[in-house]
Amino acid sequence: MIRPRQEQETCAPSEERGHLDKLADELSRYDVRADVVDDHGPCLRVSNPASTYAVEDVICERREHDYAFIASFGVHLGSSGSLGVTAHKIAWLVGATKA
């Protein structure tokens, strides 16, 4: 049986999801929880266990030469070429590290 094109696309891991997985690995250095969720496309849900309200959804967008990580409120957090710096910014955003 051939599945409709849309169903095939949602089942296959995307490049964006792969970059979000790498960012989640980088965030493992901080005291945060980072899970890739597929609600309406992949995003990285990062939360600080010390705070009920410190949760941020990060999306990944294809750019000309790399991938960009964008906060839920539209701010560019970093790129796929700077995972360490990006992870630090996100950990700071959810209150898990000092600037």
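Looking at the chain as a GNM with Cα springs under 10 Å, which of 56, 15, 64 has the largest mean-square fluctuation? Between 56, 15, 64, it is 64 that shows the largest mean-square fluctuation. Note on the chain: with neighbouring protein chains present and a 1.4 Å probe, carbon and sulfur make up 50 percent of its accessible heavy-atom surface. Exposed loop sites were defined as chymotrypsin sites (Phe, Trp or Tyr not before Pro) in DSSP loop states (anything but H, G, I, E or B) carrying at most 13 other C-beta atoms within 10 Å; in the chain the longest segment without such a site runs 1-52.
The string of couplings for segment 90-98 from the Karplus curve (6.51, -1.76, 1.60, θ = phi - 60°) is 5, 4, 5, 4, 9, x, 9, 7, 8 Hz, one whole number per residue in order, with x for Gly and Pro.
In sequence order, segment 30-39 has phi-based couplings of 9, 7, 9, 9, 9, 10, 7, 10, 10, 5 Hz under the Karplus curve 6.51 cos²θ - 1.76 cosθ + 1.60, θ = phi - 60°, and Gly or Pro positions carry x. For segment 14-19, the Karplus equation 6.51 cos²θ - 1.76 cosθ + 1.60, evaluated at θ = phi - 60°, returns couplings of 8, 5, 4, 4, x, 5 Hz by residue, with Gly and Pro reported as x. Candidate values [x] 26, 15, 11; [y] 21, 13, 12; [z] 24, 14, 12 were compared with semi-axes √(5λ) of the Cα gyration tensor in Å computed on the shown model; the agreeing label is [x].
Counting heavy atoms of the protein chains alone, residue 76 has an accessible area of about 100 Å² for a 1.4 Å probe. Take the Cβ atoms of residue 15 and residue 76, set R0 to 22 Å, and the FRET efficiency comes out at 0.75. Placing 26, 61 in order of accessible area, with the largest value first and a 1.4 Å probe, yields 61, 26.
The values are calculated or read from the model by the stated rules, or taken from the named source; none is laboratory data. Not measured: the values here are computed from a predicted model. Note: ideal-geometry Cβ built from the backbone for every residue, glycine included; neighbour counts use all protein chains shown. Side chains are part of the model used for accessible areas, which takes the heavy atoms of the whole protein and leaves out ligands, DNA and RNA. Shrake-Rupley method; radii C 1.70, N 1.55, O 1.52, S 1.80 Å.
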